[in-house]
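For reference, the structure is listed below as structure tokens.
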Amino acid sequence: MKTLFIDTHYRDIIIVLLENGKVVDKEEVINKKNNSEYIFPTIIKVIAGILLDEIIVVNGPGSFTGVRLGVTIAKTLAYTLNIPIKCVSSLQSVAVSTNALKVALSDENGYYVGLFASDYKLVEDYTYVDSETFKNMNHDNSYETNYSLDMEKIYDFVKNNVSQENVHGVKPIYVKKIGALK
């Protein structure tokens, strides 16, 4: 089983090819401005000549444009290749990877926050808080704040806990209001 993992939820692009749950190739494009220029060449580099069996996509929360980009490309590939697609959130990916039940990922102005049960299922809706509010929430440093991914743990979690989605039903997770609407 060959699985393509796509993560563009923030500034970086992370593309991983897994075979039977083991990482066989990984490409990262770090902090580029125009991710749309880099994502297709990066995917092609990773999957050249490979027949994929499924796609896992990080569907947010994160950058509005980054999340849309990754989800749209994953949906397009899944639809054209007629393969299953599954979603995992950026916060859940970190929770699974680090065994953390409280995760917060930052952007320029604040933090996306997720609280999870011991099975890494979401306890309450994701929220977005400004940096000062998060500092007060995290006075005991109990939140995992590093975007550290263990792809094989994520694959196992998704395989055993996430249902295949109808490609047309895959939606980004938006938590933060768009800048123009604040």
Legend entry - Residues being touching a strand residue (DSSP E or B) at 6+ places or on another chain (Cβ under 8 Å) and surrounded by fewer than 19 Cβ atoms within 10 Å (Cβ to Cβ) - total across the stretch 1-20: 4
Legend entry - Residues located in the stretch 120-162, provided they are among the hydrophobic types (A, V, I, L, M, F, W, C) and either surrounded by 15 or more Cβ atoms within 10 Å (Cβ to Cβ) or within 25 Å of D12 (Cα to Cα) (or both): L122, V129, F134, M137, L149, M151, I154, F157, V158, V162
Legend entry - Residues that are farther than 16 Å from G60 by Cβ and either surrounded by 17 or more Cβ atoms within 10 Å (Cβ to Cβ) or out of contact with any Asp or Glu (no Cβ under 7 Å at 6 or more places or on another chain) (or both), drawn from the stretch 97-115: S97, N99, A100, L101, K102, E108, L115
Legend entry - Tally, over the stretch 66-104, of residues that are in a helix (DSSP H, G or I) and touching a residue at least 24 places away in the same chain (Cβ under 8 Å): 22
Inset, instruction - Could you pull out the residue among N160, N141 that is among the polar types (S, T, N, Q) and under 18 Å from C87 (Cα atoms)? - result: N160
Inset, instruction - Would you point out the residue of the stretch 133-150, among those that are assigned to a helix (DSSP H, G or I) and not hydroxyl-bearing (S, T, Y), that is farthest from the chain's Cα centre (by Cα)? - result: N136
Legend entry - Residues being touching a residue at least 12 places away in the same chain (Cβ under 8 Å), among the charged types (D, E, K, R) and in a helix (DSSP H, G or I) - total across the stretch 8-45: 1
Legend entry - Failed condition for V57, given (1) buried (at least 21 other Cβ atoms within 10 Å of the Cβ); (2) over 20 Å from P172 (Cβ atoms); (3) among the aliphatic types (A, V, I, L, M): (2)
Legend entry - Leading residue by the ranking (farthest from G110 (Cα to Cα)) among those in the stretch 35-54 that are in contact with a helix residue (DSSP H, G or I) (Cβ under 7 Å, 6 or more places away or on another chain) and surrounded by 18 or more Cβ atoms within 10 Å (Cβ to Cβ): I39
Legend entry - Sole residue being of a type in the set (D, E, K, R), touching a Gly at 6+ places or on another chain (Cβ under 7 Å) and within 23 Å of I56 (Cβ to Cβ), chosen from E152, E165: E152
Inset, instruction - Kindly indicate whether D53 is of a type in the set (D, E), touching a residue at least 40 places away in the same chain (Cβ under 8 Å) and within 25 Å of S163 (Cα to Cα). - result: yes
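We did not get these values from a lab; they are worked out from the coordinates using the rules stated. Because the structure is predicted, anything quoted here is derived from the model rather than measured. Note that each Cβ is placed from the backbone with ideal geometry, even for glycine, and that neighbours are counted across all protein chains shown.
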